[in-house]
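Step one of this worksheet: look at the structure below.
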Amino acid sequence: MTRTVHRVTATVLALFLGLVSFALLASSPASAADDTAVIDHAQPTKGAVRLLVSVPGTDPVDYDKVGVEIDGTTVGSEAVAASTTNVERTSILAIDTSNSMKGPRIAEAKKAALAYLASVPDNVKVGVVSFDDSVKTLVAPTLDRAAATRAIGELTLTLHTALYDGVLGAIKAAGPGGADSGQRKILVLSDGEDTTATNLTDVLDAIKASGVGVDVVSLQQGDANQPLEAMASAGKGKVFTTADPAALSTAFASEAAALARQIVVTAQVPTSFRETSSNVDVTVPTDSQAYTASAYVPVRTAADIAAEQAAAAAPQPVKAGPLTVSRNVVLGAVGAIGVGLLGLVGVLAIGGNKPAQNLTLSEQIQAYGVMSVPGQAGPRRDDAGPTPLAGQARQAAEKALANNKNYEAKLAAALESAGVDLRPAEWLLFRAGIGVAGGLLGILIGAGNLVLGILLVVAVLVAPPIYLRVKAAKRLKAFATALPDTLQLMSGSLSAGLSLAQSIDTIVREGVDPIASEFRRVVVETRLGVTLEDSMEGVAERMQSRDFGWVVMAIRIQREVGGNLAELLLTVAATLREREFLRRHVRALSAEGRLSCYILGGLPPAFMVYLAVTRPDYVRVMYTTPIGWILLIVMGALLSVGIFWMSKLAKVDV
C-alpha cells in the first residue's frame with residue numbers, strides 16, 4: 001500500500017513539473033543562451049576594415065577600451081555605436097498572413113511589429129513582406145517608418161501559407177550582398193507549415209548563398225517547427241518559440257534591442273599585410289565583463305593591395321624643397337595673366353583708333369572701306385601708333401589673313417555691317433585674346449576642370465561672330481526703321497531749294513545713327529571723286545537694304561529723265577512706312593513660333609552644359625564612350641534639322 005502511494009505521488013509530481021515546464025516554455029520565447037559577441041559584417045576600406053559587432057547584455061560598452069587583433073597582431077582601432085554611423089543595416093519583417101493567424105495571433109503580431117518599428121534604431125532600413133497564397137513586398141527597405149507602419153496596419157489574411165516562397169521573397173527584398181551592402185537580416189514570423197510545392201533544400205541553399213541572417217519567431221510546437229529551425233540555422237540566427245501570441249512583443253523587442261546594442265569598430269590594417277582575409281578578434285569590455293568576438297572576415301580588397309604594390313614599384317617623385325605655392329598665389333597669377341591679355345587687347349583697340357599720318361591717297365580712301373582691296377592694306381606708318389609689341393602682333397595677324405583673302409574680305413564686310421571700328425587683323429587678335437582669357441577663367445572657376453575650360457574656350461570663340469551678327473542685325477533694323485523719316489527730311493530739304501548733296505549733308509548734321517554715319521561716308525566719298533549714285537549704292541549694299549536700293553534706283557532714273565525728286569521721295573517714304581507696318585505686323589504674329597524655336601533649340605545644349613559643370617560624372621559617358629559619341633552626333637543632327645525647320649516656318653519675307 002505504501003509503495004502504491006509513493007508511486008502515485010511520484011507520478012503526480014512528475015506530471016506537475018512537466019506542466020510547469022510547458023507553461024514556462026509557452027509563456028516566453030525559448031532560445032539558447034548566448035552571452036558571446038558576434039561580428040555580423042566586415043567592410044574593407046582604404047587602409048582599414050569596419051566591423052559591425054553585436055554585443056550581448058545590457059551593460060554600457062566602454063568604447064575607448066575596445067581592442068582588435070588581426071592575425072594575432074594588435075592594431076589600432078576606434079569604436080562607436082552603430083546608430084551613429086552610416087553603416088548599412090537592413091531588416092526585413094516576413095510576416096505570415098495565412099488564415100491560421102486569425103484572431104489574437106494577427107492582432108498580437110501587428111502590435112509586436114509596430115513596437116519593433118518604434119524601438120529599432122533610426123538608421124536601420126526596414127522592409128515588410130507578407131506571405132499567404134502569394135508573396136507581397138509591401139514596403140521595400142526604407143528609413144520611412146510611417147510607410148512600414150501603414151503596411152503593417154493594413155495586413156489581411158488569406159487561406160494558404162507560402163512560407164518558403166515568403167523567405168525567398170524576403171531575401172530578394174533585402175537586396176544583393178557585397179562589401180558595401182552592410183548587414184542584412186530577416187525576421188520571420190509564422191505559425192504553420194508550408195503548403196506549396198517549393199523545396200526546403202532550395203530555400204536553405206538560397207539563404208546560405210545570399211549571406212543574409214535569419215531569425216525566426218515561431219508559434220508552432222514539435223515537428224512543425226523543424227523547417228523554421230533549419231532556416232534559422234542556415235541563416236546563422238536564432239529561433240524564438242512560443243505558443244502565447246502575447247509573447248510576440250517580447251521576441252520582437254529582443255530583436256530591436258540586439259540592433260540597438262551593435263557597435264562599429266574601425267580597425268587599422270597593417271601596411272605590410274598582404275592577405276585579403278584574416279582571423280579577427282574583437283574584445284568589447286563592459287561594466288560587468290568583457291566579450292570577445294572572433295571571425296574570419298575580409299580585411300583588405302585585392303584592388304587596394306595591387307594599387308599599393310604598383311605605387312611602391314613606380315618611380316618616386318623628387319622633392320625640390322619645402323617651397324609650396326598657395327591657392328591664393330595661383331589665383332593671383334591667373335588673374336594677372338587675364339589682366340595682361342585684356343590690357344593687350346585694349347592697347348590694340350586704342351592704337352587702332354589713333355589718327356594716321358603720312359598716308360597716300362589710296363590708303364586714305366581705303367580707310368573708309370569703299371575701295372579697299374583685301375590683303376593690301378599694309379601696316380600703318382603713323383608716328384603716334386600703337387606700341388611695338390601691339391604692332392608686331394597686328395602684323396602677324398595681317399600676314400595670317402593675307403593667306404586667306406576671302407576670309408579677310410568677309411570679316412571686313414561683317415565689321416562694317418556691325419559698325420565695329422576695328423580692322424580684320426585687330427578683330428582676329430581680339431578673338432584670340434578673349435579665347436585664352438576664357439580658357440584660363442574656365443580652369444580657374446572649375447578648379448582645374450579641363451572640360452569646363454574647353455567649354456568656355458569654345459563659348460568665347462563662338463561669341464564674337466554671334467555678337468557681330470546681332471549688332472549688324474540691330475544696325476540694319478535701325479537703318480530700315482529710320483529710312484522713311486530720312487527720305488521725308490530729304491524731300492523737305494529739296495522742296496526748300498537745296499540740292500541733293502546739300503540735303504544729304506543736312507541728314508549728316510541732323511539725322512540719327514546709323515543713317516548719319518553712312519551718309520557721312522557718302523559725303524566724304526563724293527568729295528574724293530566717287531559719284532553720288534555709286535556712293536549711295538554702296539550704302540545700300542553695306543546695309544543690305546533693298547528699300548534704299550530702290551531709292552537709289554529712283555534717283556538714277558530721275559536724274560536721267562527728270563521730274564520732281566522731292567515728290568518722288570515722299571511717295572517712296574509713304575510706301576516704306578506701309579511696308580514697315582506690314583513687316584511689324586507679320587513679326588508680331590510669328591513671335592510665338594520664333595520663341596518656340598529659341599527655347600526648344602537652346603534648352604538641350606544649355607542643359608547639357610549645366611550637367612557637365614554640376615554633374616560631370618553623370619554625363620561623362622556621353623563624350624568618353626563610342627555609343628555616347630554616336631548619340632551626340634545623332635541628337636545634334638536631329639536638333640539642327642528641327643531648328644532649321646522651325647526657323648523656316650516662323651520666317652516670313654515681306
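Look at the dipole of the range 99-179 built from charges on Cβ: of Tyr164, Ser119, Ala147, the Cα furthest out on the positive end belongs to Ser119. Decide, for the range 162-305, between rounded, prolate and oblate: order the square roots of the alpha carbon gyration tensor eigenvalues as a ≥ b ≥ c, take rounded if a/c falls under 1.5, and otherwise choose prolate if a/b is larger than b/c, else oblate. It is oblate, given that a/c is not under 1.5 and a/b is not larger than b/c. So if we plug the beta-carbon distance of Thr137 and Ala260 into 1/(1 + (r/R0)^6) with R0 = 25 Å, what FRET efficiency do we get, rounded to 0.05? It comes to 0.50.
Within a 10 angstrom radius of the beta carbon, how do Val80, Val124 rank from fewest other beta carbons to most?
Lowest count first: Val80, Val124.
For the pair Lys236 and Gln544, the difference between a 0.36 nm per residue extended length and the Cα-Cα distance amounts to 102.2 nm.
Would you mind giving the average projected area, over all directions, of the Cα convex hull of the range 592-650 in nm² with one decimal?
Numbers: hull surface 16.2 nm².
The Cα convex hull of the range 592-650, projected and averaged over all directions, gives 4.0 nm².
Across the range 420-435, computed HN-Hα scalar couplings (Karplus, 6.51 cos²θ - 1.76 cosθ + 1.60, θ = phi - 60°) run 8, 8, 9, 7, x, 5, 5, 5, 5, 5, 4, 5, 5, x, 6, x Hz from first to last residue, x flagging Gly and Pro.
Evaluate E = 1/(1 + (r/R0)^6) for Ala473 and Leu589, where r is the Cβ-Cβ distance and R0 equals 25 Å; express this FRET efficiency to the nearest 0.05. Present the calculation step by step, with values, prior to reporting the outcome.
Working: r = 20 Å, r/R0 = 0.79.
Efficiency at R0 = 25 Å is approximately 0.80.
With the simple spin-label model, which puts each label point 7 Å out from Cα in the Cβ direction, the Asp144 to Lys648 separation comes to 5.0 nm.
Taking label positions 7 Å along the Cα-Cβ direction at both Ala209 and Trp629, the computed distance is 4.1 nm, reported to one decimal.
Here the simple spin-label model places points 7 Å from the Cα toward Cβ, and for Glu560 and Ser288 these points are separated by 12.0 nm.
Highest mean first, how do 195-203, 481-489 rank when packing is the count of other Cβ atoms within 10 Å averaged over residues? Write down the numbers at each step before the final one.
Working: 195-203: 13.8, 481-489: 19.7.
Listed from highest to lowest mean packing, they are 481-489, 195-203.
Sorting the segments 498-509, 45-56 by their residues' average number of neighbouring beta-carbon atoms within 10 angstrom, most packed first, yields 45-56, 498-509. As an exercise, use a Förster radius of 22 Å and the Cβ-Cβ distance of Phe607 and Asn86 to find the FRET efficiency, rounded to the nearest 0.05. That gives a FRET efficiency of 0.10.
Backbone amide hydrogens, once placed in the peptide plane, bring Ala94 within less than 5 Å of Val129, Leu187, Val188, Leu189, excluding anything fewer than 5 places away on its chain.
Determine, for Met635, Met101, the number of other Cβ atoms within 10 Å of each Cβ, and report the residues in order from fewest to most. Before the final figure, lay out the partial values.
Numbers: Met635 14, Met101 25.
Listing Met635, Met101 from fewest to most nearby Cβ atoms yields Met635, Met101.
Annotation for the range 37-69 versus the range 589-644: alpha-carbon center distance of 51 Å.
Compactness ratio of the range 471-589: Cα Rg over 2.2 N^0.38 Å, N = residue count? Display every interim value, and only then the final one.
Details: Rg = 13.9 Å, N = 119, 2.2 N^0.38 = 13.5 Å.
Cα Rg divided by the expected 2.2 N^0.38 Å: 1.03.
Using the Karplus relation 6.51 cos²θ - 1.76 cosθ + 1.60 with θ = phi - 60°, the per-residue 3J(HN,Hα) values for the range 609-614 come to 5, 4, 5, 5, 7, 8 Hz, with x marking Gly and Pro.
With the highest mean first, a sort of the peptides 256-264, 561-569 on other beta-carbon atoms found within 10 angstrom per residue produces 256-264, 561-569. Sorting His41, His160, His585 from the fewest to the most surrounding beta carbons within 10 angstrom yields His585, His160, His41. When the Cα gyration tensor is reduced to axis lengths a ≥ b ≥ c, the ratio a/c is 1.5 or higher for the range 27-303, and with a/b above b/c it is classed as prolate.
Our note on the geometry: Cα centres of the range 269-287 and the range 235-255, 33 Å apart.
Please compute the length gained on full extension between Ala243 and Arg527, using 0.36 nm multiplied by the number of residues separating them and subtracting their Cα-Cα distance.
Contour length minus Cα-Cα distance gives 90.5 nm.
Any read-out appearing in this document is the output of simple, stated calculations on the displayed coordinates, not a laboratory observation. As the structure is a prediction and not an experimental result, all values here were calculated from the model. Reconstructed Cβ throughout: ideal geometry from the backbone, glycine too, with neighbour counts over all protein chains shown.
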